[in-house]
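Novice: If you scroll down you'll find the structure; I have some questions about it.
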Amino acid sequence: MGFQIVGTGRAVPEHILTNEEVSKLVDTTDEWITVRTGIKSRFVSTHETITDLASQAAVKALQKAGIDAKELDLIVCSTVMAEHASPSLSCMVQKEIGATCPAFDINAACSGFVYGLDIADAYITTGKAETVLVVGAEVMTRHVDWTDRASCVLFGDGAGAVILKKGDGLKAIRLTAKGDDKLLTIGSTFCKSPFGKQPVLDPHFKMNGTEVFKFAVGAGLKDVKTVMKEAGVTSDEVKMVIPHQANLRIFQAIKEKLGLSDDQVASGIDHYGNTSSASIPLMLDELIEAGRLVPGDIIVMTAFGGGLTSGACVIKL
(Lines give C-alpha, C1' and ligand atoms only; values in the text may rest on other atoms or scores of the structure.)
Protein backbone atom coordinates (compact mmCIF):
# COMPACT_ATOMS: atom_id res chain seq x y z
CA MET A 1 0.00 0.00 0.00
CA GLY A 2 1.44 3.27 -1.12
CA PHE A 3 0.22 6.49 0.56
CA GLN A 4 0.03 8.63 3.67
CA ILE A 5 -2.50 11.43 4.20
CA VAL A 6 -0.48 14.62 4.68
CA GLY A 7 -3.20 17.27 4.39
CA THR A 8 -6.98 17.63 4.49
CA GLY A 9 -9.42 20.42 3.64
CA ARG A 10 -13.13 21.11 3.32
CA ALA A 11 -15.51 23.72 1.97
CA VAL A 12 -19.26 24.26 2.28
CA PRO A 13 -21.67 26.90 0.95
CA GLU A 14 -22.64 29.89 3.08
CA HIS A 15 -26.36 29.14 3.22
CA ILE A 16 -27.66 26.76 5.89
CA LEU A 17 -31.08 25.24 5.23
CA THR A 18 -32.79 24.02 8.42
CA ASN A 19 -35.51 21.42 8.72
CA GLU A 20 -37.93 24.16 9.71
CA GLU A 21 -37.24 25.94 6.41
CA VAL A 22 -37.66 22.70 4.46
CA SER A 23 -41.05 22.20 6.13
CA LYS A 24 -42.20 25.42 4.41
CA LEU A 25 -41.41 23.87 1.03
CA VAL A 26 -42.96 20.42 1.48
CA ASP A 27 -45.34 18.68 3.89
CA THR A 28 -42.87 17.60 6.57
CA THR A 29 -41.63 18.54 10.05
CA ASP A 30 -38.33 18.81 11.87
CA GLU A 31 -39.31 15.80 14.01
CA TRP A 32 -40.18 13.65 10.97
CA ILE A 33 -36.85 14.40 9.28
CA THR A 34 -34.75 14.05 12.44
CA VAL A 35 -36.23 10.72 13.55
CA ARG A 36 -35.91 9.10 10.12
CA THR A 37 -32.54 10.50 9.02
CA GLY A 38 -30.70 12.24 11.85
CA ILE A 39 -30.49 15.42 9.76
CA LYS A 40 -31.20 18.83 11.34
CA SER A 41 -29.75 21.12 8.66
CA ARG A 42 -27.64 21.08 5.51
CA PHE A 43 -25.53 23.50 3.47
CA VAL A 44 -27.11 24.56 0.17
CA SER A 45 -25.32 26.28 -2.70
CA THR A 46 -26.89 29.55 -3.80
CA HIS A 47 -24.12 31.35 -5.70
CA GLU A 48 -21.30 28.83 -5.14
CA THR A 49 -20.38 26.45 -7.96
CA ILE A 50 -19.03 22.95 -7.49
CA THR A 51 -15.72 24.24 -8.87
CA ASP A 52 -15.67 26.90 -6.14
CA LEU A 53 -16.19 24.34 -3.38
CA ALA A 54 -13.74 21.77 -4.77
CA SER A 55 -11.04 24.38 -5.31
CA GLN A 56 -11.47 25.88 -1.84
CA ALA A 57 -11.18 22.44 -0.21
CA ALA A 58 -8.11 21.66 -2.33
CA VAL A 59 -6.37 24.91 -1.39
CA LYS A 60 -6.95 24.27 2.32
CA ALA A 61 -5.57 20.73 2.02
CA LEU A 62 -2.49 22.03 0.20
CA GLN A 63 -1.92 24.66 2.87
CA LYS A 64 -2.16 22.13 5.69
CA ALA A 65 0.23 19.82 3.85
CA GLY A 66 2.66 22.67 3.20
CA ILE A 67 2.70 21.82 -0.50
CA ASP A 68 2.53 24.07 -3.55
CA ALA A 69 -0.04 23.14 -6.19
CA LYS A 70 2.73 22.83 -8.80
CA GLU A 71 4.15 19.90 -6.80
CA LEU A 72 1.04 17.81 -7.53
CA ASP A 73 1.51 14.89 -9.92
CA LEU A 74 -2.19 14.03 -10.27
CA ILE A 75 -5.65 15.37 -9.42
CA VAL A 76 -8.60 12.99 -9.08
CA CYS A 77 -12.06 14.45 -8.45
CA SER A 78 -15.08 12.37 -7.52
CA THR A 79 -18.44 13.89 -8.41
CA VAL A 80 -21.84 12.79 -9.64
CA MET A 81 -22.14 15.79 -11.94
CA ALA A 82 -20.12 18.98 -12.32
CA GLU A 83 -21.01 22.18 -14.20
CA HIS A 84 -19.87 20.66 -17.48
CA ALA A 85 -19.60 17.22 -18.99
CA SER A 86 -16.34 18.63 -20.34
CA PRO A 87 -14.09 20.21 -19.19
CA SER A 88 -14.00 17.97 -16.14
CA LEU A 89 -14.23 19.26 -12.59
CA SER A 90 -10.65 18.12 -11.98
CA CYS A 91 -9.40 20.23 -14.88
CA MET A 92 -11.25 23.25 -13.53
CA VAL A 93 -9.72 22.64 -10.08
CA GLN A 94 -6.29 22.35 -11.69
CA LYS A 95 -6.82 25.75 -13.30
CA GLU A 96 -8.12 27.43 -10.14
CA ILE A 97 -5.33 26.23 -7.83
CA GLY A 98 -2.52 26.72 -10.33
CA ALA A 99 -1.49 23.09 -10.77
CA THR A 100 0.06 21.70 -13.96
CA CYS A 101 -0.46 17.95 -13.55
CA PRO A 102 -2.84 15.49 -15.26
CA ALA A 103 -6.39 15.59 -13.93
CA PHE A 104 -9.53 13.51 -14.36
CA ASP A 105 -12.93 12.84 -12.79
CA ILE A 106 -14.50 9.62 -11.57
CA ASN A 107 -18.13 8.84 -10.80
CA ALA A 108 -18.85 6.08 -8.32
CA ALA A 109 -21.59 8.14 -6.65
CA CYS A 110 -21.27 8.22 -2.86
CA SER A 111 -18.42 5.66 -2.90
CA GLY A 112 -16.38 7.89 -5.20
CA PHE A 113 -13.94 9.22 -2.61
CA VAL A 114 -12.87 5.70 -1.58
CA TYR A 115 -12.56 4.79 -5.27
CA GLY A 116 -10.37 7.87 -5.69
CA LEU A 117 -8.09 6.76 -2.87
CA ASP A 118 -7.64 3.39 -4.56
CA ILE A 119 -6.67 5.08 -7.85
CA ALA A 120 -4.21 7.33 -6.03
CA ASP A 121 -2.71 4.30 -4.30
CA ALA A 122 -2.14 2.61 -7.66
CA TYR A 123 -0.39 5.68 -9.10
CA ILE A 124 1.83 6.14 -6.05
CA THR A 125 2.64 2.44 -5.60
CA THR A 126 3.71 2.06 -9.24
CA GLY A 127 5.84 5.19 -9.09
CA LYS A 128 3.74 7.15 -11.59
CA ALA A 129 3.02 9.84 -8.98
CA GLU A 130 4.49 11.04 -5.69
CA THR A 131 1.91 13.62 -4.64
CA VAL A 132 -1.80 13.26 -5.40
CA LEU A 133 -4.84 15.43 -4.68
CA VAL A 134 -8.13 13.54 -4.24
CA VAL A 135 -11.32 15.60 -4.00
CA GLY A 136 -14.91 14.60 -3.32
CA ALA A 137 -17.24 17.43 -4.36
CA GLU A 138 -21.00 17.49 -4.82
CA VAL A 139 -23.85 19.96 -5.27
CA MET A 140 -26.60 17.42 -4.77
CA THR A 141 -29.33 19.97 -4.04
CA ARG A 142 -29.40 20.81 -7.76
CA HIS A 143 -30.65 17.29 -8.45
CA VAL A 144 -33.36 17.30 -5.79
CA ASP A 145 -37.06 17.32 -6.60
CA TRP A 146 -38.19 19.88 -4.04
CA THR A 147 -41.76 18.55 -4.22
CA ASP A 148 -40.71 15.06 -3.07
CA ARG A 149 -40.53 15.11 0.72
CA ALA A 150 -38.99 11.63 0.89
CA SER A 151 -35.82 12.71 -0.92
CA CYS A 152 -35.51 16.50 -0.81
CA VAL A 153 -34.81 16.47 2.95
CA LEU A 154 -31.73 14.28 2.57
CA PHE A 155 -29.11 16.21 0.67
CA GLY A 156 -26.58 18.96 1.20
CA ASP A 157 -23.64 20.42 -0.73
CA GLY A 158 -19.92 20.52 -0.01
CA ALA A 159 -16.42 19.35 -0.85
CA GLY A 160 -13.59 17.62 0.95
CA ALA A 161 -10.01 17.03 -0.16
CA VAL A 162 -6.88 15.13 0.85
CA ILE A 163 -3.24 15.36 -0.19
CA LEU A 164 -1.51 12.00 -0.43
CA LYS A 165 2.20 11.23 -0.55
CA LYS A 166 4.14 7.97 -0.56
CA GLY A 167 3.92 6.17 2.76
CA ASP A 168 2.52 3.16 4.59
CA GLY A 169 -0.73 4.67 5.89
CA LEU A 170 -3.12 2.64 3.75
CA LYS A 171 -3.44 -0.80 5.34
CA ALA A 172 -6.26 -2.31 3.28
CA ILE A 173 -8.87 -1.24 0.72
CA ARG A 174 -11.84 -2.94 -0.96
CA LEU A 175 -14.14 -1.78 -3.76
CA THR A 176 -17.31 -3.41 -5.11
CA ALA A 177 -19.84 -2.75 -7.85
CA LYS A 178 -23.17 -4.34 -8.69
CA GLY A 179 -24.81 -2.77 -11.73
CA ASP A 180 -28.37 -1.61 -11.05
CA ASP A 181 -30.33 1.28 -12.56
CA LYS A 182 -33.55 0.73 -10.61
CA LEU A 183 -32.71 1.39 -6.97
CA LEU A 184 -30.77 4.67 -7.02
CA THR A 185 -30.43 6.96 -10.03
CA ILE A 186 -29.83 10.52 -11.15
CA GLY A 187 -30.91 11.08 -14.72
CA SER A 188 -29.91 13.55 -17.38
CA THR A 189 -31.64 15.24 -20.28
CA PHE A 190 -30.51 14.51 -23.84
CA CYS A 191 -30.91 16.78 -26.86
CA LYS A 192 -33.23 15.75 -29.66
CA SER A 193 -31.50 14.15 -32.64
CA PRO A 194 -32.54 14.11 -36.33
CA PHE A 195 -31.16 10.57 -36.55
CA GLY A 196 -33.43 8.84 -34.08
CA LYS A 197 -35.59 9.19 -31.04
CA GLN A 198 -33.44 10.02 -28.03
CA PRO A 199 -34.52 9.26 -24.46
CA VAL A 200 -35.40 12.19 -22.23
CA LEU A 201 -34.67 11.27 -18.63
CA ASP A 202 -35.75 12.93 -15.41
CA PRO A 203 -32.70 14.83 -14.06
CA HIS A 204 -33.83 14.37 -10.46
CA PHE A 205 -32.55 11.93 -7.86
CA LYS A 206 -34.66 8.81 -7.36
CA MET A 207 -34.21 6.06 -4.79
CA ASN A 208 -35.89 2.93 -3.46
CA GLY A 209 -35.06 3.70 0.17
CA THR A 210 -35.88 0.30 1.67
CA GLU A 211 -33.75 -1.69 -0.76
CA VAL A 212 -30.87 0.79 -0.66
CA PHE A 213 -30.90 0.60 3.15
CA LYS A 214 -30.56 -3.19 2.99
CA PHE A 215 -27.71 -2.91 0.48
CA ALA A 216 -25.93 -0.24 2.53
CA VAL A 217 -25.96 -2.21 5.77
CA GLY A 218 -25.05 -5.51 4.12
CA ALA A 219 -22.31 -4.16 1.89
CA GLY A 220 -20.95 -1.88 4.60
CA LEU A 221 -20.62 -4.70 7.11
CA LYS A 222 -18.96 -7.05 4.62
CA ASP A 223 -16.58 -4.37 3.36
CA VAL A 224 -15.53 -3.22 6.82
CA LYS A 225 -15.03 -6.75 8.16
CA THR A 226 -12.99 -7.66 5.07
CA VAL A 227 -10.61 -4.69 5.24
CA MET A 228 -10.18 -4.96 9.00
CA LYS A 229 -9.28 -8.62 8.68
CA GLU A 230 -6.87 -7.88 5.82
CA ALA A 231 -5.27 -5.08 7.83
CA GLY A 232 -5.09 -7.25 10.95
CA VAL A 233 -6.89 -4.77 13.20
CA THR A 234 -9.66 -5.32 15.75
CA SER A 235 -12.56 -3.06 16.69
CA ASP A 236 -10.72 -2.04 19.87
CA GLU A 237 -7.79 -0.76 17.80
CA VAL A 238 -9.96 1.40 15.54
CA LYS A 239 -10.11 5.01 16.73
CA MET A 240 -12.90 5.99 14.37
CA VAL A 241 -15.12 4.58 11.66
CA ILE A 242 -16.07 7.31 9.20
CA PRO A 243 -19.14 6.14 7.27
CA HIS A 244 -20.69 7.85 4.29
CA GLN A 245 -23.17 10.24 5.88
CA ALA A 246 -26.38 8.93 4.32
CA ASN A 247 -28.69 8.05 7.19
CA LEU A 248 -28.15 7.82 10.94
CA ARG A 249 -29.97 4.48 11.08
CA ILE A 250 -27.52 2.90 8.63
CA PHE A 251 -24.41 3.54 10.66
CA GLN A 252 -26.18 2.75 13.90
CA ALA A 253 -26.90 -0.70 12.48
CA ILE A 254 -23.27 -1.10 11.38
CA LYS A 255 -22.03 0.14 14.77
CA GLU A 256 -24.12 -2.38 16.69
CA LYS A 257 -23.14 -5.33 14.50
CA LEU A 258 -19.44 -4.48 14.77
CA GLY A 259 -19.59 -3.89 18.52
CA LEU A 260 -18.37 -0.29 18.30
CA SER A 261 -19.01 2.48 20.83
CA ASP A 262 -20.74 5.75 19.95
CA ASP A 263 -17.37 7.55 20.13
CA GLN A 264 -15.96 5.22 17.47
CA VAL A 265 -18.47 6.19 14.76
CA ALA A 266 -18.22 9.65 13.22
CA SER A 267 -21.51 11.41 12.66
CA GLY A 268 -21.91 14.81 11.04
CA ILE A 269 -25.14 14.06 9.24
CA ASP A 270 -27.03 16.39 11.58
CA HIS A 271 -25.35 19.47 10.04
CA TYR A 272 -24.17 18.23 6.63
CA GLY A 273 -26.97 15.96 5.44
CA ASN A 274 -25.99 13.56 2.65
CA THR A 275 -23.24 15.15 0.56
CA SER A 276 -22.56 12.01 -1.50
CA SER A 277 -18.84 11.47 -2.21
CA ALA A 278 -17.93 14.63 -0.27
CA SER A 279 -19.22 13.26 3.03
CA ILE A 280 -16.20 11.21 4.14
CA PRO A 281 -13.49 13.82 3.38
CA LEU A 282 -15.69 16.52 4.95
CA MET A 283 -15.91 14.50 8.16
CA LEU A 284 -12.23 13.56 8.09
CA ASP A 285 -11.12 17.19 7.93
CA GLU A 286 -13.59 18.23 10.62
CA LEU A 287 -12.40 15.49 12.99
CA ILE A 288 -8.73 16.30 12.45
CA GLU A 289 -9.33 20.03 12.88
CA ALA A 290 -11.22 19.37 16.13
CA GLY A 291 -8.36 17.23 17.47
CA ARG A 292 -10.48 14.10 17.59
CA LEU A 293 -8.09 12.35 15.21
CA VAL A 294 -4.31 12.63 15.47
CA PRO A 295 -1.31 11.06 13.71
CA GLY A 296 -1.05 7.36 14.50
CA ASP A 297 -4.79 6.82 14.83
CA ILE A 298 -6.33 3.95 12.87
CA ILE A 299 -9.49 4.86 10.97
CA VAL A 300 -11.92 2.94 8.79
CA MET A 301 -13.83 4.60 5.96
CA THR A 302 -16.90 2.95 4.46
CA ALA A 303 -19.26 4.12 1.72
CA PHE A 304 -22.01 2.93 -0.60
CA GLY A 305 -23.82 4.59 -3.46
CA GLY A 306 -25.46 4.48 -6.83
CA GLY A 307 -24.09 1.98 -9.24
CA LEU A 308 -24.57 0.20 -6.92
CA THR A 309 -21.08 0.69 -5.54
CA SER A 310 -19.41 0.30 -2.19
CA GLY A 311 -15.95 0.69 -0.73
CA ALA A 312 -14.03 0.59 2.52
CA CYS A 313 -10.46 1.08 3.68
CA VAL A 314 -8.29 1.01 6.77
CA ILE A 315 -5.82 3.88 7.15
CA LYS A 316 -3.26 4.78 9.81
CA LEU A 317 -2.99 8.55 10.00
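Novice: Take the residues in the range 22-46 that are farther than 11 Å from VAL153 by Cβ and touching a strand residue (DSSP E or B) at 6+ places or on another chain (Cβ under 9 Å); name whichever of them is surrounded by the most Cβ atoms within 10 Å (Cβ to Cβ).
Specialist: VAL44
Novice: Same structure, new question: Out of the residues in the range 234-259 that are β-branched (Val, Ile, Thr) and free of Cβ contacts under 8 Å to residues at least 40 places away in the same chain, state the one that is nearest to LEU293 (Cα to Cα). Spell out the reasoning first.
Specialist: Taking the range 234-259 first, the residues β-branched (Val, Ile, Thr) are 234, 238, 241-242, 250, 254.
Add one more test, that the residue is free of Cβ contacts under 8 Å to residues at least 40 places away in the same chain, and what stays is 234, 250.
Details: THR234: 18, ILE250: 23 Å.
Looking at the filtered set, the residue picked out is THR234.
Novice: Then there's this: Can you give me the number of residues within the range 236-253 that are part of a helix (DSSP H, G or I) and crowded, with 20+ Cβ neighbours inside 10 Å? Break it down stepwise before answering.
Specialist: Start the filter on the range 236-253 by keeping residues that are part of a helix (DSSP H, G or I), which leaves 236-237, 248-253.
Add one more test, that the residue is crowded, with 20+ Cβ neighbours inside 10 Å, and what stays is 250-251.
Qualifying residue count for the region: 2.
Novice: If you don't mind, another one. Identify all residues within the range 103-150 that are on the phi > 0 side of the Ramachandran plot and out of contact with any Ser or Thr (no Cβ under 8 Å at 6 or more places or on another chain); write none if there are none.
Specialist: Filtering the range 103-150 for residues on the phi > 0 side of the Ramachandran plot gives 109, 127.
Result: GLY127, single match.
Novice: Under 14 Å from the mean Cα position of the chain (by Cα), touching a residue at least 40 places away in the same chain (Cβ under 8 Å) and buried (at least 24 other Cβ atoms within 10 Å of the Cβ), is that true of SER267? Before you say what the answer is, go through the steps one by one.
Specialist: Working: under 14 Å from the mean Cα position of the chain (by Cα): yes; touching a residue at least 40 places away in the same chain (Cβ under 8 Å): yes; buried (at least 24 other Cβ atoms within 10 Å of the Cβ): no.
Considered against the rule, which asks whether it is under 14 Å from the mean Cα position of the chain (by Cα), touching a residue at least 40 places away in the same chain (Cβ under 8 Å) and buried (at least 24 other Cβ atoms within 10 Å of the Cβ), SER267 comes out as no.
Novice: Okay, moving on. Which residue out of VAL217, VAL233, VAL212, VAL162 is modelled with pLDDT of 90 or more, more than 25 Å from ALA85 (Cβ to Cβ) and not assigned by TED's automatic domain parsing to the domain that holds VAL76?
Specialist: It is VAL233.
Novice: Which residue, of GLU31, GLU48, GLU20, GLU83, is closer than 14 Å to THR141 by Cβ and either in a loop (DSSP other than H, G, I, E, B) or acidic (Asp, Glu) (or both)?
Specialist: Details: GLU31 fails: closer than 14 Å to THR141 by Cβ; GLU20 fails: closer than 14 Å to THR141 by Cβ; GLU83 fails: closer than 14 Å to THR141 by Cβ.
It is GLU48.
Novice: Any residue at all in the range 101-117 that's farther than 27 Å from VAL294 by Cα and in contact with a Cys (Cβ under 6 Å, 6 or more places away or on another chain)?
Specialist: Keep residues of the range 101-117 that are farther than 27 Å from VAL294 by Cα, which gives 101-109.
So of that shortlist, the ones also in contact with a Cys (Cβ under 6 Å, 6 or more places away or on another chain) come out as 103, 105.
Yes: the range 101-117 contains one or more residues that are farther than 27 Å from VAL294 by Cα and in contact with a Cys (Cβ under 6 Å, 6 or more places away or on another chain).
Novice: Could you list all residues from the range 274-306 that are assigned to a loop (DSSP other than H, G, I, E, B) and at pLDDT below 95? First the steps, then the outcome.
Specialist: From the range 274-306, those assigned to a loop (DSSP other than H, G, I, E, B) are 275, 290-297, 306; that's our starting set.
Selection gives GLY306 alone.
Novice: Among the residues of the range 236-257, what is the count of those that are of a type outside the set (Lys, Arg), modelled with pLDDT under 90 and more than 22 Å from the chain's Cα centre (by Cα)?
Specialist: Quick first cut of the range 236-257, residues of a type outside the set (Lys, Arg) only: 236-238, 240-248, 250-254, 256.
Keeping just the survivors that are modelled with pLDDT under 90 gives 246-248, 250-254, 256.
From what is left, the residues that are more than 22 Å from the chain's Cα centre (by Cα) are 256.
Residues meeting the conditions: 1.
Novice: Still on this structure, please answer the following. Taking the stated definitions as given, is GLY116 surrounded by fewer than 22 Cβ atoms within 10 Å (Cβ to Cβ), small (Gly, Ala, Ser) and not in a strand (DSSP E or B)? Even if it seems obvious, please write down each step before you answer.
Specialist: Numbers: surrounded by fewer than 22 Cβ atoms within 10 Å (Cβ to Cβ): no; small (Gly, Ala, Ser): yes; not in a strand (DSSP E or B): yes.
No: the conditions fail for GLY116.
Novice: What do you reckon, is LEU74 touching an Asp or Glu at 6+ places or on another chain (Cβ under 8 Å), crowded, with 19+ Cβ neighbours inside 10 Å and modelled with pLDDT of 95 or more? Steps first, please.
Specialist: Numbers: touching an Asp or Glu at 6+ places or on another chain (Cβ under 8 Å): no; crowded, with 19+ Cβ neighbours inside 10 Å: yes; modelled with pLDDT of 95 or more: yes.
The answer is no for LEU74.
Novice: Right, next: I'm trying to understand the selection: among the residues of the range 15-53, which are basic (Lys, Arg) and within 26 Å of GLN252 (Cβ to Cβ)? First the steps, then the outcome.
Specialist: Here is the first cut: in the range 15-53, the ones basic (Lys, Arg) are 24, 36, 40, 42.
Across the range 15-53, the qualifying residues are ARG36, LYS40, ARG42.
Novice: Would the range 307-316 turn up any residue that is in contact (Cβ under 8 Å) with a residue 40 or more places away in the chain and outside any strand (DSSP E or B)?
Specialist: So in the range 307-316, the residues in contact (Cβ under 8 Å) with a residue 40 or more places away in the chain come out as 307-316.
Going one step further and asking which of them are outside any strand (DSSP E or B), we end up with none.
No, that holds for no residue.
The values are calculated or read from the model by the stated rules, or taken from the named source; none is laboratory data. On a predicted model such as this, the values are computed, not experimentally measured, just so you know. Neighbour counts run over all protein chains shown; Cβ positions are idealised from the backbone, glycine included.
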